[in-house]
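Following: one structure in structure tokens, then a few remarks.
Please treat every number below as a calculation from the coordinates, not as lab data. Since we're looking at a predicted model, the values are computed, not measured. Cβ sites come from the backbone with ideal geometry, for glycine too, and all protein chains shown count toward neighbours.
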Amino acid sequence: MKKRLGCLHAHYSNIDYIENALSPYEIDLLHFVDPGLMYRVTAEEGYRSSDAQEKVRQQIESIAQCKVDAILITCTNYIAILQETHLSISVPIIKIDEPYFERICNIQHPQTIFFTNPATVEGTVQRLEQYANTHEKLVDVEIVVIENTFELVMQGRQEEYNHEVSKYLIQRMKSGNRVMSVAQLSMLNAARNVERETSKTIINPLDPLVFDIVNQLEL
């Protein structure tokens, strides 16, 4: 019997990444997208954190009512807002960043994590620090935002975005030997292009996530 996974996204572009990655498995995917909440949290002055927390709680509990076997949240900012103790559901919640953090925290070499969306940096870094502290890990991490690129995604100019991100990652590879990773799903194709061109590995959040989903759903 197919398992059903409810997916909560902050942007429509994440849907294809999840669909493609999980296509080999017997999973029905239900996608729920709300870009408005992240806009209000990051851009609307005076929008209260308690209101954001209540909105996420309502979204998660609504998805749980769709008879899903688990809920996947693909936005770290959503995860940072979520207060699980306030939920009245028994459905497991899979967080996109935790398998990624586990991978990062198991590396004992200096690392660089790349972003294109500045709005995701603070929440992701806070979550990483919390994860590392909870698991008693020490990580040597440099955070880099690739400026003036994320707006290309928002404008639907994905090929230009991939080109700019790939070019930047290759330049950084030439200037050092730190372990590199990309923190956003939108950067996945660019990272894989660079891997093919350079034969070097760039860590991404999707690969460890798929492994975690397969395990949690017992596929």
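Worth a mention:
- Sequence-distant lysines (8 or more away, or on other chains) whose Cα lies within less than 18 Å of residue 55: 95
- Compactness of the chain, taken as the C-alpha radius of gyration over 2.2 N^0.38 Å, stands at 1.01.
- Kirkwood-Stokes translational diffusion coefficient of the stretch 68-178, alpha-carbon pairs, 4 °C, 1.567 mPa s, µm²/s: 81 µm²/s
- 10 Å beta-carbon shell around residue 116, net charge (K/R +1, D/E -1): -3
- Taking a straight line from the alpha carbon of residue 3, these aspartates and glutamates sit under 13 Å away, with near neighbours fewer than eight places off in the same chain left out: 26, 28, 69, 218.
- Approximate spin-label separation residue 174-residue 45, in nm, with each point projected 7 Å along Cα-to-Cβ: 4.3 nm
- Cross-link reach is defined here as a Cα-Cα straight distance under 14 Å, omitting same-chain residues fewer than 8 places apart; for residue 167 the aspartates and glutamates meeting it are 147, 159, 195, 197.
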